[in-house]
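Undergrad: The structure under discussion is supplied below as structure tokens; questions concerning it will follow.
Values in this text are rule-based calculations from the coordinates and carry no lab data. Just so you know, these numbers come straight off a predicted model, no measurement behind them. Cβ coordinates were reconstructed from backbone atoms using ideal geometry, including for glycine residues, and neighbour counts include every protein chain displayed.
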Amino acid sequence: MPADDPSTLADASPSIIYPTPLSTLKSSLQNPTRTSSPFQTPQAQIIPSDDTYNVIVGDQNYNAFPGLVKLQNGTLLVVYRKGKFHVTDRGAIVLKKSTDGGSTWSTESSVIDHPTFDLRDPNITLLSDGTLIVNYFKYDISARSTIRNGLNVIHSTDDGETWDKPIEVGTGLFVATSAPILELPDGDLLLAYYGNHEGGRYPSAFVIRSADGGRSWSNKTTIGNGIEDNKPYQEPNLLLLKTGGVLATIRSDGFFPNIHTSISNDLGKTWAQPSSAFRGSGTPSTLLLKSGLIITAYRSKIGRNLGLPALRVSKDDGVSWTPNTEEIIIDRHTGPMMYASLVQISDKSIAAVYGMEDGKTRSEIRFMYLREFSK
């Protein structure tokens, strides 16, 4: 995928609808029906609106690790990495837009590319002043071994039409990020990341802060110390709670992969000791719903759900989560899932984008509506 060949970033094929037209989905938001049922119990409070998903990009490339945002005018933007393989090749960060609630999507446009770096795991945040900020990490694939080369952010002030020059976050080289930037009530930004640049066998989870909209970063703090705790803390994700605290959900893959959580009651300056929350893997993408429920999307590690996109629900600000028997699977068509992003569209409607791998050289980005229901 040469950097100077924009045709490689264009997806000229139309969106694919599977298994029924997405127009069916819109009416199903009022009268939801299902043609098959995932492994879940009636106690689950979030369900797919129906079995329809829209393939945002389904070419023969490896499209994965998406981030989703809704602009003030209702337009949906999704960013993702486009490459040839899951790793070990040069990936670019691209963007698509939808102005009709996800029914159709624009052709791809480039956010950032590089001739030698693999640009990975992009996420996107709409700041309160209308600026878009995308964060990602990079590998130097020209080196003899694949070496991480730190974190970057990039801004757009025209709804993603053009992008400024990337800014280095300054966290060191051997680090990565897989979560969107969090804007705090006071305007500060928090960027969660992980790495083992301090030595030791296991990576640790950190946050770093910006007081100027992401132009400069400082005041690194540790969420979970993998060296001291003798466990890997990877891909932390941040959520502002209705109480004013910040919830971190953290991937921790080991013999028994679990999602861990930690709470900060001082807007990210200090963190409680991480504790195991539930069985799962992949970057845990969280969303606080208007109802007060928190949902987390992740990769299942349970039985016949293994590798599929899954949801858990918390009613108490992330203190406890629905049990294994109430794990909600939103898509059973191939897999494994390559990360997800969630945005609330209306009081009961949630938009989800997620990557689904179909072999080591192909992954597609899918779009689905979820629905919250009351008992």
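Undergrad: Taking 41 Å as R0, compute the FRET efficiency from the Cβ-Cβ separation of D188 and T116 and round it to 0.05.
TA: Numbers: r = 33 Å, r/R0 = 0.81.
Efficiency at R0 = 41 Å is approximately 0.80.
Undergrad: Highest mean first, what order results for 254-263, 60-69 on Cβ atoms within 10 Å? Before the final figure, lay out each step's value.
TA: On the way: 254-263: 17.8, 60-69: 23.9.
Ranking, from highest mean packing down: 60-69, 254-263.
Undergrad: I need the GluC sites (Glu not before Pro) found in region 134-225, filtered to DSSP loop residues with at most 13 other beta carbons within 10 Å of theirs. Each step should come with its number before you reach the end.
TA: Working: sites: E161, E168, E183, E198; in loops: E161, E198.
Sparse-neighbourhood loop GluC sites (Glu not before Pro): E161.
Undergrad: Another question, then. So for region 193-301, taking the charge dipole from beta-carbon charges (+1 Lys/Arg, -1 Asp/Glu), which of S210, L288, T222 sits furthest toward the positive end?
TA: Farthest towards the positive pole: L288.
Undergrad: Also, I was wondering about something else. Could you line up L288, L189, L238 from fewest to most neighbouring Cβ atoms inside 10 Å?
TA: Details: L288 18, L189 24, L238 21.
Least crowded to most crowded, the residues run L288, L238, L189.
Undergrad: Could you tell me the distance between the Cα centroids of region 83-100 and region 276-348, to the nearest Å?
TA: 23 Å
Undergrad: Can you sort S204, S216 by how many other beta carbons sit within 10 Å, fewest first?
TA: Details: S204 26, S216 13.
Taking fewest neighbouring Cβ atoms as first place, the list is S216, S204.
Undergrad: Grab the Cα-Cα distance for K290 and Q60, subtract it from 0.36 nm times how many residues apart they are, and report the gain in nm with one decimal. Write down the numbers at each step before the final one.
TA: Working: separation 230, 0.36 × 230 = 82.80 nm, distance 3.78 nm.
Taking 0.36 nm per residue and subtracting the Cα distance, the gain is 79.0 nm.
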